Amino acid sequence: MQLNTRTRPATLTRPRIAFLGLGWIGRHRMQAMAEAGDIEIAAVADPDPAAVAAAAELAPDAATGDDLRALLDQKPDGVVIATPSALHAAQSIEALEAGAAVFCQKPLGRDAAETDAVVQAARRADRLLATDLSYRHARAFIALRDLIRRGELGQVHAVDLTFHNAYGPDKPWFRDRRLSGGGCLIDLGIHLVDMALWALDADRATCVSAHARAGGQPLPDDPHVVEDFVLATLELPQGTVVRLACSWNLPAGRDAVIGMDAFGTQGGGTVANVDGSFFDFGAWHHRGTSSAQLVAPPDDWGGRAGADWAGRLRQGAGFDPEACRLTVLAGVLDDIYRKAGAAGTKPALAGSAAR
């Protein structure tokens, strides 16, 4: 395919953004970016006419359609993608090759090959690419990262990360490996692995051991079944041991259990959700048996990743090498699946965007 050769402007006073996929997440991202200001919602599209109508109430002047081509016909500066995971890579590449920057719901690809294909397309097109790794923008996680990077915990030798969702997804495609790329690991665990790499500024991680279960049993060799519980141990280049656990539909006595604990030679740090909330987080700095709270709710962090992308787009940002970390992140997830024995149940991805 011939690349779009539009020159990227030095700055964009009010970038024209198109939104593909208008379910709850898509509309939330659209509203958050609009409220952050200084964007024009140029077009919205979804196969569901009711979803398009609901989005049009928020952006009555936007062009409407049912697919990506309808959006790209409007020549937007950027496209926000919130569609099923199997579509992310191909849609992102098409948008990038048309000259638009891309902000995509995670995962960017169902495996490292798909993910890297998108990253390379962004590099060739010199367009800004980012995904919705939203916890990077929550004040509690930022506070813990800063403790680690300032050396206030000393040498961090162990990290525990948890994300248990008492409910699980309500769309059938989430539980079809060919469409989703996996279960709770690629849905929730992706945030945990990203937090470990990001907070400790690590460029890779090796999976030492992993276990994946579906309904309490080892995963069957069935592409229509995905894991709903994962335990894994990783090792970072600096020797830090990372343990992670994630699940859907776990009877934990609350809506969610989400947290990160970092243990160093001079102190510890914790991020934990408050009262089972998916959105409210606190952060604490531990010294021996004493603890000081650094961050408490409220913190309206959910739309900040998209707003950050839009802000950089306004400044004229092109390809950001930080996007290469998305391939690293996907590779760690692939490694966990292999160690868990889940790779054998993960069929070759039909229509893969890898080239």
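Taken together, the values in this text are just the output of simple stated rules run on the coordinates, not laboratory data. Computed from a predicted model, the values in this text were never measured in an experiment. Backbone-built Cβ (ideal geometry, glycine too); neighbour counts: all protein chains shown.
Positive contributions from Lys and Arg (+1) and negative ones from Asp and Glu (-1), summed over other residues with Cβ under 15 Å from the Cβ of Ser277, come out at -3. For the chain, the relative contact order works out to 21 percent when only alpha carbon pairs closer than 8 Å and six or more residues apart are counted. Here Lys339 is the anchor, and the lysines within straight C-alpha reach of less than 29 Å, apart from those fewer than 8 places off in the same chain, are Lys106, Lys171. Loop exposure criterion: chymotrypsin sites (Phe, Trp or Tyr not before Pro), DSSP state outside H, G, I, E and B, at most 14 other Cβ atoms within 10 Å. Applied to the chain, the longest stretch between such sites is 1-166. Extending 7 Å from the Cα toward the beta-carbon at both Asp73 and Arg124 defines two label points whose distance is 2.6 nm. Can you list the residues of the stretch 19-42 with backbone N under 18 Å from a point 7 Å past the Cα of Trp173, pointing along Cα to Cβ? Inside the label zone: 19-30. A convex hull fitted to the Cα coordinates of the chain yields 135 cubic angstrom per residue. The trypsin sites (Lys or Arg not before Pro) found in the stretch 121-202 that occupy coil by DSSP, while having at most 12 further C-beta atoms within 10 Å, are Arg150. Sorted from greatest to least, the principal axis extents spanned by the alpha carbons of the stretch 139-300 come out as 47, 35, 25 Å.
Over the stretch 139-300, Cα pairs under 8 Å with separation of 6+ residues give a relative contact order of 31 percent. Note on Lys75: aspartates and glutamates with a C-alpha under 13 Å away, same-chain residues under 8 apart excluded, are Glu40, Glu94, Glu97.
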